[in-house]
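K.L.:
Have a look at the structure that comes next, please.
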Ligand code: ADP
């Protein structure tokens, strides 16, 4: 049989990023970056082609969380090529473009320009691009949301009142940017004592679920405050890449978002 020459000669059409999922929070330190990393790794484990953009320009942590510190992305056709990680999640972060510990003191337009460069990298293979947003509700977030139109946003909050109030504000920001909120994740919900295994609630319990109801959005689940999550994050070996109940919690989160 003769090969169809016209089909063979046609250049392969690059797959485009189908979905950007923005991960945001009302305030810093609630575990937004940790959830973004583990969500991306869990999605990759479930067979999705995933990329991760660290849009947290002033406090980039994805290079460390994915164990890619010290790697420098190359540019191809004036676009950055994402850095490969061992977890099947390529990543781009300002941490790959600056020296370790270097303070990034840019005004809004420069920071927006940097976020644009990261998002306009060679993501053609990614089916889902998880974007770790800066905390809060500033201009950079709004510009980014309006310019790149994520398919949806996930809000990370602790069960604490203050974090929840801020989370509600973050939800309003997404609404303003025309981005649907997929739901709320309650992080640091229940402390598991590493010695006796007893669970206590240093930041309260159930608040994020109630807030999700108020915001008329889905409650996507609970991730406990577990010292192993912190340790594994610092070591660049994401919890979601391992086994056990916390890895399963992130896998469940990935299913609730991508199914
Ligand atoms: P954010 O991106 O909201 O600023 P991070 O993801 O950087 O927050 O998390 C802040 C700190 O809390 C980090 O040291 C991280 O390892 C830790 N952390 C986040 N989530 C958990 C968790 N569920 N259990 C234990 N430590 C956590």
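Any read-out appearing in this document is the output of simple, stated calculations on the displayed coordinates, not a laboratory observation. Computed from a prediction, not measured in an experiment: that's the story for all the values here. Note: ideal-geometry Cβ built from the backbone for every residue, glycine included; neighbour counts use all protein chains shown.
K.L.:
Being surrounded by 24 or more Cβ atoms within 10 Å (Cβ to Cβ), more than 14 Å from the ligand (Cβ to nearest atom) and in a loop (DSSP other than H, G, I, E, B) is the filter here, so list the residues in region 46-80 that pass it.
P.N.:
68
K.L.:
Being farther than 18 Å from residue 23 by Cα, surrounded by 14 or more Cβ atoms within 10 Å (Cβ to Cβ) and away from the ligand (no atom under 14 Å from the Cβ) is the filter here; which residues of region 237-259 pass it? Can you show your working first?
P.N.:
First pass over region 237-259, keeping only residues farther than 18 Å from residue 23 by Cα: 237, 241-248.
From the residues that got through so far, the ones that are surrounded by 14 or more Cβ atoms within 10 Å (Cβ to Cβ) too are 237, 241, 246-247.
Once the filter is applied, which keeps residues that are farther than 18 Å from residue 23 by Cα, surrounded by 14 or more Cβ atoms within 10 Å (Cβ to Cβ) and away from the ligand (no atom under 14 Å from the Cβ), region 237-259 yields only 241.
K.L.:
Also: Restricting to strands (runs of 3 or more DSSP E) lying wholly in region 139-245: which have 3 or more residues that are in contact with a helix residue (DSSP H, G or I) (Cβ under 7 Å, 6 or more places away or on another chain) and over 17 Å from residue 28 (Cβ atoms)?
P.N.:
On the way: elements: 152-157, 181-192, 218-225.
Here the list reads 181-192, 218-225.
K.L.:
May I ask you to say which residue of 43, 133, 92 is under 22 Å from residue 229 (Cβ atoms), away from the ligand (no atom under 16 Å from the Cβ) and surrounded by 20 or more Cβ atoms within 10 Å (Cβ to Cβ)? Lay out the reasoning, then the answer.
P.N.:
Working: 133 fails: away from the ligand (no atom under 16 Å from the Cβ); 92 fails: under 22 Å from residue 229 (Cβ atoms).
On inspection, the qualifying residue turns out to be 43.
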